[in-house]
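Derivation of every value follows stated rules applied to the coordinates shown; laboratory data play no part. None of these values were measured; they are calculated from a predicted model. Ideal geometry is used to build each Cβ from the backbone, glycine not excepted, and the neighbour counts take in all protein chains shown.
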Amino acid sequence: KDSRQIEGGLFPRKVVPVLIPMPAERAYSYALPEGVEAGPGQIVQVPLGPRLVAGIVWDGEADQVNPDKLREVTQVFDCPPVNEPMRRFIDWVSAYTLSPPGLVARMALRAPAAFDPEPMIDALRLTETRPERLTAARERVLEQAGDGLAWSKSGLAHAAGVTPSVIDGLFAQGVFEPVKLPPPPVVPDPDPDYQPAVLEDGQAEAADALRATVAKSGFGVTLLDGVTGSGKTEVYFEAIAEAVRAGRQVLILLPEISLTAQFLDRFHDRFGARPAEWHSELAPRMREKVWRQVTEGRVSVVAGARSALFLPFHDLGLIIVDEEHDPAYKQEDRVFYNARDMAVVRARLAQIPVVLASATPSIESRVNAQQGRYSHLLLPGRYADAGLPDLKLVDLRRYPPARGGFLSPLLLRAMAETLERKEQSLLFLNRRGYAPLTLCRVCGHRFECPDCSSWLVEHRFRGQLQCHHCGHNEPTPQACPSCGALDHLTPCGPGIERIAEEADKHFPDARVIVLSSDMAGGTRRLRIELEAIAKGEADIVIGTQLVAKGHNFPLMTLVGVVDADLGLSNGDPRAAERTYQLLSQVTGRAGRSGRKSLGLIQTYQPQHPVMQALASGEPEAFYERETDERSRAMLPPFGRLASVIVSAATRPEAETHARALRAAAPAAPGIMVLGPAEAPLALIRGRYRFRLLVHGERGRDMQGFIRAMLAQGPKARGSVQVQVDIDPQSF
Ligand code: ADP
Ligand code: ZN
């Protein structure tokens, strides 16, 4: 028993709420040991069951807990506190996404070893004492260290060209004293005036406007809109320079950070130093260092994937979201959030500006700009009058590929001409592997994943059939497992490997590179290949959507879209918008260095509004039509959507639970529930999935409605799981 409590609260222990990074619905109460202080935001260690875990001291009153049960904070880390705007951000994301705050906090604490300060580094500094006997080697050391700065022993030995024992000798005579130095920064400070670009008039105007928002600080969203190659990056670099001059931190969000070596180099050219990186492939040691130095404010610019939004910056002053329309900003795992939208929230809570950049802005952002909530900066055209590629539709009904092929004679001819000019072609097909479906010509057997409702995709390079949803794979058999017929398995439709085969057949001497996210060798290998392409070491590049993003390939003058209709048929109201964005982006890879360039778009639907928008280079009419349609159907951003996915080990369990939830939905004007229906992927990893779609008019309390439905409905028991996705990607 705690005597201090018994003695009538003479020395009542201070009790604080601590938010622990696990699926906890609220902060738990802990006592502070006598004499220990820890205010909101402080990172502390507390006992939880048999373990010790880190948590954040939260705001507000701690829950009343029986003093006998109250456990004590075991350690207050020597770490800058998570600041107020960041704590409010965690609360906000938690309430918006209906995720436990502890789960959101966990995204902010992704570097457990960094809560303790980085160890100081041992170094040496010259004292007033001089050695009795001066050798040539010693003289060199003295000269080298004469600048009065601290040196590491090995660094000094190296610089002076002596063995470390020479320095040991001097140290023994008191010529050097030991000093402790803070660990070096993960990246040197960027210099805002290192190498500014000379901006064209339109660019300069946009840069001035952005600089002004940074100088005045305060919350504001700017949509920076301009075709690929118009200089959006150069322009927002000026906003970054302004924030760095003001001594504030900057976050740049990029959709595919692990592949953007080129971006980091460009940043280096402009600022004389790279930004710190933050993404899932960072080595753990580096991760710890970056996290720590970001919280200390020692790192001033971070370029990161969506998860970087949850770094507890010391003094964040500006956020850039590049390619703001990109679906990669959506996380669909545990906490379902869109980093673009949450970046705007983060900026509002921190009262700082945010820039959304895109050549093909999302309809959401366009509407926000049109309605005056965002300011809109439009860059006039490609830098240095570099033309955009000439985009042409190839009507596959009129110019069909040869039997067994997928490349129209028009595209093949353009490739031949490009090869002759010693320039590069890109063939784009958003489908990995050799063929999306394999069937037996004798009995019609199709290869399906045993755990998902999807076909197995043949990967011929690996001799495997793979499921793209769960990773299940099996060797491609010779005989049909159903009828036993030998060598009658037929690939149906193309994947990039099959396109590579076709390109090889037509252009046997061309150097072909095939790129996809599942390539052997992973990200490292991809980076190497991307660099090789930029240097002109390939003639034909064949790739999935990852080649569409951000890369600058100076020699690329032809882009062929193998199947432009691919994304249009999935019944999702966003399909047309996405297809337009993806195809503009991928064709925008061509002609960036000012050479004349061509985009050929193979389609069976040349009249489709997306194809028309691409071919005419005038997307305005298309965007307006899409926006009108959304408005009429009250789809986002004119109405709100959430999807509630119920999954279970058996189909009836999932369906029954989904029906019961639907029945428990309270009556609420302006909100309705559709379904349950089988989710678009009805079976993933052996789990059956049903979906309820909640539709609300603008301004309705969707979260309150869903919370009530979940509270009144049956608890998820056994194998049943319920996932809420506010603002789902597809609907
Ligand atoms: P975006 O981000 O709109 O695609 P970028 O900023 O990448 O455009 O610019 C496209 C290319 O043009 C890049 O190679 C960039 O370095 C170059 N560029 C753009 N503006 C300038 C400028 N004012 N001075 C020099 N180079 C520029
Ligand atoms: Zn599967």
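Cα centroid separation, the range 551-609 to the range 66-130: 45 Å. Taking a straight line from the alpha carbon of LYS14, these lysines sit under 24 Å away, with near neighbours fewer than eight places off in the same chain left out: LYS1, LYS69.
With 10 angstrom as the radius, rank MET672, MET702 by how many other C-beta atoms surround their C-beta, starting from the fewest.
Numbers: MET672 13, MET702 24.
In increasing order of surrounding Cβ atoms, one gets MET672, MET702.
I need the shape label for the range 325-406. Rule: rounded when a/c is under 1.5, else prolate if a/b > b/c, else oblate, with a, b, c from the alpha carbon gyration tensor. Verdict is oblate for the range 325-406. When peptides 661-671, 241-251 are ranked by their average number of other Cβ atoms within 10 Å per residue, the highest-first order is 241-251, 661-671. Whole-Hz Karplus values for the range 135-145 come out as 8, 4, 5, 4, 4, 4, 5, 4, 5, 4, 8 Hz, taken residue by residue from phi with 6.51 cos²θ - 1.76 cosθ + 1.60 and θ = phi - 60°; glycine and proline positions read x. A dipole drawn for the chain from +1 and -1 charges on Cβ atoms has a positive end, and of PRO185, LEU377, HIS469 the residue lying farthest that way is HIS469.
Residue exposure proxy: ASP326, ASP628, ordered by other Cβ atoms within 10 angstrom of their Cβ from fewest to most, comes out as ASP628, ASP326. Close amide H contacts of VAL321 (hydrogens built in the peptide plane, cut-off under 5 Å, sequence separation of 5 or more or a different chain): LEU253, VAL355, LEU356, ALA357. Shown for ARG346, ARG446: other C-beta atoms within 10 Å of each C-beta, ranked fewest to most, produce the order ARG446, ARG346. Placing +1 on the Cβ of every Lys and Arg and -1 on the Cβ of every Asp and Glu, with no other charges, gives the chain a dipole of roughly 1500 debye about its Cα centre.
When peptides 88-101, 564-577, 635-648 are sorted by average Cβ neighbour count within 10 Å, with the highest value leading, the order is 635-648, 88-101, 564-577. Isolated cysteines of the chain, defined as having no other cysteine beta carbon under 4.7 Å away, are CYS79, CYS470, CYS492. Bridging of LYS392 to aspartates and glutamates at a Cα separation below 15 Å is possible for ASP563, ASP565, GLU618, once same-chain residues fewer than 8 apart are set aside. Taking a ≥ b ≥ c as the square roots of the eigenvalues of the Cα gyration tensor, the chain is oblate, since a/c reaches 1.5 or more and a/b is not larger than b/c. Annotation note: trypsin sites (Lys or Arg not before Pro) in the range 369-443 located in DSSP loop regions with a Cβ neighbour count of at most 11 within 10 Å are ARG397, ARG398, ARG403, LYS422.
Taking amide hydrogens as placed 1.01 Å from N in the peptide plane, the amide H of VAL394 sits under 5 Å from those of ILE601, GLN602, THR603, each at least 5 positions away in sequence or on another chain.
Taking amide hydrogens as placed 1.01 Å from N in the peptide plane, the amide H of HIS376 sits under 5 Å from those of LEU223, each at least 5 positions away in sequence or on another chain. Which of the pairs LYS232/LYS422; LYS549/LYS596; LYS330/LYS596; LYS153/LYS289; LYS216/LYS289; LYS232/LYS289 have their Cα atoms more than 27 Å apart in this structure? Result: LYS232/LYS422; LYS330/LYS596; LYS216/LYS289; LYS232/LYS289 exceed 27 Å.
Only helical runs count toward this figure. For the chain, summing -39,500 (n - 2.57) over DSSP H runs of n ≥ 4 and dividing by all residues gives -9000 deg cm²/dmol at 222 nm. Using the Karplus relation 6.51 cos²θ - 1.76 cosθ + 1.60 with θ = phi - 60°, the per-residue 3J(HN,Hα) values for the range 431-447 come to 8, 6, x, 9, 8, x, 8, 10, 9, 8, 5, 7, 10, x, 4, 10, 7 Hz, with x marking Gly and Pro. Overall, the anisotropy analysis places the range 108-225 in the prolate class: the square-rooted eigenvalues a ≥ b ≥ c of its C-alpha gyration tensor yield a/c not less than 1.5, with a/b exceeding b/c. The packing ranking, built from the mean of other Cβ atoms within 10 Å per residue, places the peptides 25-36, 62-73, 116-127 in the order 25-36, 116-127, 62-73, highest first. Here the 3J(HN,Hα) profile of the range 648-657, calculated from phi with Karplus coefficients 6.51, -1.76 and 1.60 at θ = phi - 60°, is 7, 6, 10, 5, x, 4, 5, 5, 4, 5 Hz, Gly and Pro shown as x.
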